[in-house]
Amino acid sequence: MKNDRRTIVLIGFMGSGKTTIGIRLSYLLKMPVEDTDKWIERKNGCTISEIFEKQGEEVFREKETQLLRELAETRFARILSVGGGTPLREENRELLKRCGTVVYLRVRPETVFQRLKGDSSRPLLQCADPLGRIRELLAQRGDKYEACADMIIDVDEKTEAECADRIIKELEKNNE
Ligand code: S3P
């Protein structure tokens, strides 16, 4: 594999496996991994839920864009997993592409629901009908995820290790 060590950017809905697949890729490719949600939490000294609750979603979205602007300026190759809503802004989609190779982890609503049942860390899913909300958000977002993806991986029937292997194989193919 000709390895030009580009950053790999993982995008996809909540529960698509961005964080765990990112860690696995980091281990296999021996590249550092960073998660923008965790970065924002560290920088602000509070959780994403607290930012949503105290400052509102728009403030959080601005923080996401600001961080992406900084990341797009660095030439440091890494695995980057970003929040599920990051690709919604057009500016962010441009910035994501500038950061590196964008991999969209595509997931079905039912899979997300099963994986995130009982999770209280996603403010957007704290509602009476989380499955309905997941369906609605995924329907709104699917095109945006696809619009900035260099590669799409369907994750539903695969383990996280299989997804990571598939990503590496596809990258190798593209580098041949
Ligand atoms: C969000 C996804 C979350 C987090 C925030 C908003 C979204 O990240 O950024 O709760 O809009 O889909 P994960 O995709 O890592 O859960």
Next item on the list: Would you mind putting 40-52, 116-128, 20-32 in packing order, based on average other-beta-carbon counts within 10 Å, highest first?
Entry: 20-32, 40-52, 116-128
Item checked: Degrees separating the helix 160-175 axis from the principal Cα axis of the chain, which is the longest one -> 50 degrees
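Apply the a/c threshold of 1.5 to the C-alpha gyration tensor of the chain and tell me whether it is rounded, prolate or oblate. If you can, show how the numbers build up before the last one.
On the way: a/c = 1.74, a/b = 1.27, b/c = 1.38.
Oblate, since a/c reaches 1.5 and b/c is not below a/b.
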Check: Whole-Hz Karplus ³J(HN,Hα) for the stretch 131-140, in order, using 6.51 cos²θ - 1.76 cosθ + 1.60 and θ = phi - 60°, x for Gly and Pro?
Finding: 5, x, 5, 4, 4, 5, 5, 5, 5, 6
Item checked: Amide H partners (placed H, <5 Å) of R108, local residues excluded -> D156
Checklist line | Part-to-part distance (alpha-carbon centres) for the stretch 125-168 and the stretch 12-59, which is given in Å | finding: 16 Å
Notebook entry, point to check: What GluC sites (Glu not before Pro) in the stretch 65-172 are in a loop by DSSP, with at most 13 other Cβ atoms within 10 Å of the Cβ?
Noted result: E157
Check: Mean residue ellipticity at 222 nm from the helices of the chain, using -39,500 (n - 2.57) per DSSP H segment of n ≥ 4 over the full residue count, to the nearest 500 deg cm²/dmol?
Finding: -17500 deg cm²/dmol
Checklist line | Cross-link pairs K43/K169; K63/K144; K97/K158; K117/K169; K18/K97; K63/K97 - those with Cα-Cα distance over 27 Å | finding: K43/K169; K117/K169
Margin query: I want the local charge near T19. Using Cβ-Cβ distances under 11 Å, sum +1 for each Lys or Arg and -1 for each Asp or Glu among the other residues.
Written below: -1
Check: Short version: ³J(HN,Hα) in whole Hz for each residue of the stretch 48-53, in order, from phi by Karplus 6.51 cos²θ - 1.76 cosθ + 1.60 (θ = phi - 60°), x for Gly and Pro, what are they?
Finding: 4, 4, 5, 5, 4, 5
Check: Say we join alpha carbon atoms closer than 10 Å with springs in a Gaussian network model of the chain; which of D129, D35, D165 then has the biggest fluctuation?
Finding: D129
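Could you give the dipole magnitude of the stretch 66-176 about its Cα centre, charging the beta-carbon of Lys and Arg +1 and that of Asp and Glu -1, in debye to the nearest 20?
280 debye
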Notebook entry, point to check: Under 5 Å between amide H atoms, partner at least 5 residues away or on a different chain: which partners does V33 have, H built in plane at 1.01 Å?
Noted result: I79
Next item on the list: Let me know the shape class of the stretch 80-176, please: from the alpha-carbon gyration tensor, a ≥ b ≥ c as square roots of the eigenvalues, rounded when a/c is under 1.5, otherwise prolate if a/b is greater than b/c, or oblate.
Entry: oblate
Item checked: Charge context of F52, other residues only, Cβ under 15 angstrom, K/R +1, D/E -1 -> -4
Notebook entry, point to check: For A139 and K173 in the same chain, what is the full-extension length gain: residue separation times 0.36 nm, less their Cα-Cα distance, in nm?
Noted result: 9.2 nm
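Readers should treat all values here as calculations from the given coordinates under stated rules, not as data from a laboratory. Everything numeric in this text was worked out from a predicted model, so none of it was measured. Because the Cβ atoms are built from the backbone with ideal geometry, glycine has one as well, and the counts that use them run over all protein chains shown.
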